[in-house]
1. Picking from GLN116, GLN104, GLN86, which is most flexible by a Gaussian network model of the chain using Cα springs under 10 Å?
2. Taking the chain as a Gaussian network, where each spring joins two C-alpha atoms under 10 Å apart, which residue of GLU28, GLU36, GLU123 fluctuates the most?
3. Report which label in (i) 47; (ii) 33; (iii) 21 holds the value of percent of Cα pairs over 28 Å apart derived from the coordinates of this structure.
4. Mean separation of Cα pairs under 8 Å and 6+ residues apart, divided by the residue count of the chain: what relative contact order is that in percent?
5. If you take the charge dipole of region 101-214 about its Cα centre, with +1 on Lys and Arg Cβ and -1 on Asp and Glu Cβ, which of VAL115, LEU207, SER135 is farthest toward its positive end?
6. Connecting C-alpha atoms closer than 10 Å in a GNM of the chain, tell me which of ASN162, ASN132, ASN19 has the biggest fluctuation.
7. At a Förster radius of 22 Å, what calculated FRET efficiency corresponds to the Cβ-Cβ distance of LYS217 and TYR124, to the nearest 0.05?
8. Find how much the distance from GLU62 to SER4 grows on full extension, using 0.36 nm per residue of separation minus their present alpha carbon separation; answer in nm with one decimal.
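All of the numbers you see were taken from the coordinates with simple rules; none came from a lab. Keep in mind that this is a model prediction, so the values were computed, not measured. Neighbour counts run over all protein chains shown; Cβ positions are idealised from the backbone, glycine included.
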Amino acid sequence: MDFSYILKTHEIDKKKLKNYGFSVKKDEFLLDLPIENEDFIAKISLNESEFKVELFDVNFGEMYEMINVNNFDSGFVSGLRAQIEQIVEDIVKNCLINTNMRSQVIDEIAKKYGVQPEYPWAEYPNFCTFKNPSSKKWFALVMDIGADKLGLKDKTLVSVINLKLPAEEILSLINNKFIFPAYHMNKKYWVTVLLNKATTKQKLFNLIDKSYNIVAKK
């Protein structure tokens, strides 16, 4: 089973992997875990770009390939897959670092301000808004949009956040690298910030603080 897609939003923590029980062979982290009453062994391999789990059948002394057949979904095989997915979830929780800034921002807003995202548009399920509890006004809008909407060269989908800031600061903040004129909002009062590694967390969360406070009930 291939879980490499997880590494698009997470990176490995080598120290935590070793503490978890992984051994290292060249640049690959390896771990064998028994499942299903020790009749099977989940053989986990993990590196910077690949995260895979193979299932070894102890009784027959060979890999159990049925686990990888998508259209084969007996109750027994589903149970094995569920056990593997639980193992993977635990490894992600304990050994990987979340580098998805979009989810980090949503989690931080909830933690700091006690504000949960709202999803007001059914046609845009990845767009979410955040309101200041005192004024009920938006202070942030998180979206996934084409990079070309920001004036960048390609149409790759990127995550961004719109923030309301003092009008006198807008022009000095915009650099068209990670802070842009607001997409689909009043450019006099709002900016759009890329949610990726180009944007430092401290800078981003300082801007979120300003936006939260500027829309607060006076």
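1. Of GLN116, GLN104, GLN86, the Gaussian network model singles out GLN86 as fluctuating most.
2. GLU123
3. (i)
4. Values: 334 pairs, mean separation 29.5, N = 218.
That works out to 14 percent.
5. LEU207
6. Greatest mean-square fluctuation among the candidates belongs to ASN19.
7. On the way: r = 28 Å, r/R0 = 1.26.
It comes out at approximately 0.20.
8. Values: separation 58, 0.36 × 58 = 20.88 nm, distance 2.33 nm.
So the extension gain works out to 18.6 nm.
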